[in-house]
Amino acid sequence: MTADFLARLKTLAAGRTLPPHQYLAELTERCIAALEREDAAYRPYAAATGKPGGLLDFTAARLPLVIVPDIHARAYFLANILAFKPQDGFFPNERRTILQALQEGAVRVICVGDILHSELRGSQRWKAALEEWGYGNPCGQAMEREMAEGLSALCLLMECKCAFPAAFHCLKGNHENIMNAIGGGDFPFRKFADEGRMTRRFMEEKYGRGVLAQISQFERSLPLAAVFANGMASHAEPRQRFTRAELIDGMGDERVVSALTWTRNGDAPLGSVAGTLNALTGRMDWERLAYFGGHRPVSGRYALRQDGLFVQLHNPMQQNIALVHPDRPFNPDSDIVGVQEKL
């Protein structure tokens with residue numbers, strides 16, 4: 001890790017200023033390149049495109065794994081994860097920060113997506129930005145503060161992907177749709193304001209359509225799911241059972257994209273998680289398997305669905321991560337932890 005790299009992370013963690021145009025454009029291009037040349041040994045290539053497909057496969061390597069729930073413009077959350085030291089036992093030899101372990105190749109990090117949009121945390125700011133929008137100002141103070149946080153989180157994530165391309169990963173969530181488009185499994189987004197349309201307009205005004213298109217290409221290059229020794233992860237609860245081939249080829253299939261990014265609580269039939277876990281791992285020892293996701297917020301540290309197989313851990317008001325040990329079953333009560341240290 002260079003001093004410049006750490007300095008960039010500290011600046012981005014504060015989330016106070018918009019990234020410069022040239023920096024954002026160049027970083028996005030570097031990150032796209034990293035995503036498009038991922039090793040087929042852990043990211044098999046899709047038959048239709050000849051490019052890295054929708055599945056990350058880490059079953060052959062037994063490394064500790066960190067699952068990061070929805071980010072939602074929290075650059076400080078990512079920075080606190082990097083600075084966090086798990087308790088003794090997570091890393092085989094000695095305690096170290098997640099960032100140190102990434103540098104040593106001793107851990108993998110999987111973010112489940114939703115990088116932009118502060119949602120509930122910034123609901124009042126979104127309402128103020130919508131009022132500014134109504135007065136004909138798509139780049140007012142409230143919207144600029146929102147986008148400074150969101151783009152800082154995006155850049156911090158891309159910095160990590162470029163620095164540790166085989167160890168740091170992000171899956172596509174439903175908010176990875178900066179064009180606010182409909183089609184290919186994507187849908188326009190609005191909740192507290194008109195977030196999808198407002199974000200696209202801000203990017204066009206401040207950065208131009210070229211950078212907007214670059215970020216859209218980055219989003220379309222993200223994988224959809226990950227499988228590892230004792231479980232799986234995707235942004236949302238899988239709406240149906242999926243096979244390995246369907247996930248590898250799924251980035252171009254709107255049915256697969258939608259079913260892994262937009263599933264509401266109660267939409268997925270019982271058995272979709274067990275069926276997918278069995279198809280990808282070949283196992284049925286359910287007490288030793290877990291499927292992780294975010295998307296829908298939980299009120300505490302986690303919620304269990306699908307007979308306890310699906311671990312939902314997105315609490316937007318907390319900074320929780322899941323620590324997945326390669327050699328023992330996941331215990332949500334002890335293995336979901338909060339991160340608080342500063343980078």
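The values are calculated or read from the model by the stated rules, or taken from the named source; none is laboratory data. Nothing here was measured: the structure is a model prediction, and the numbers come from that model. Positions of Cβ are backbone-derived with ideal geometry, glycine not excepted, and every protein chain shown enters the neighbour counts. Ligands, DNA and RNA are excluded from the accessible area calculation, which covers all protein heavy atoms including side chains. Shrake-Rupley method; radii C 1.70, N 1.55, O 1.52, S 1.80 Å.
Values computed for the structure shown
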| item | result |
| --- | --- |
| At R0 = 35 Å, FRET efficiency that the Cβ-Cβ distance of Q141 and A33 yields, to 0.05 | 0.50 |
| Convex hull (Cα only) mean projected area of the range 266-338, reported in nm² to one decimal | 5.0 |
| At most 15 other Cβ within 10 Å, DSSP loop - trypsin sites (Lys or Arg not before Pro), the range 31-130 | R37, R62, R95 |
| Rounded percent of accessible protein surface that carbon and sulfur make up, the chain, 1.4 Å probe | 49 |
| With eigenvalues of the C-alpha gyration tensor scaled by 5 and rooted, the range 158-317, Å | 29, 18, 15 |
| Relative contact order (%) - the range 117-262, alpha-carbon pairs under 8 angstrom, separation at least six | 24 |
| Candidate aspartates and glutamates for bridging to K51, where Cα separation is under 12 Å - those fewer than 8 sequence places away on the same chain excluded | E36, E38, D39, D249 |
| Top of E119, E131, E38 by mean-square fluctuation, Gaussian network on the chain, Cα under 10 Å | E131 |
| Label-point separation in nm, F189 to S299, each point 7 Å along Cα→Cβ | 2.5 |
| log10 of Debye I(q)/I(0), alpha-carbon scatterers only, for the chain at 0.08 Å⁻¹ | -0.34 |
| Centre separation in Å (Cα based) which lies between the range 173-236 and the range 82-111 | 29 |
| Computed [θ] at 222 nm, helices only, for the chain once each DSSP H run of length n ≥ 4 contributes -39500 (n - 2.57) | -11500 deg cm²/dmol |
| FRET E, pair N278, M317, Förster distance 35 Å, beta-carbon r, rounded to 0.05 | 0.50 |
| Label zone at T59, where the point sits 7 Å out along the Cα-to-Cβ direction: the range 267-287 residues whose backbone N lies under 15 Å | 274-286 |
| Beta bridge orientation in the chain: antiparallel %, DSSP, nearest 5 | 50 |
| Relative contact order for the range 44-96, counting Cα pairs under 8 Å that sit 6 or more residues apart, in percent | 19 |
| Trypsin sites (Lys or Arg not before Pro) lying in DSSP loop within the range 234-332, provided at most 14 other Cβ fall within 10 Å | R264, R283 |
| DSSP-assigned coil residues among chymotrypsin sites (Phe, Trp or Tyr not before Pro) in the range 88-181, each with at most 15 further Cβ atoms within 10 Å | Y135 |
| Normalised contact order of the chain, rounded percent, pairs of Cα under 8 Å and 6 or more residues apart | 22 |
| Where no second cysteine Cβ lies under 4.7 Å, the cysteines concerned in the chain | C31, C139, C155, C160, C162 |
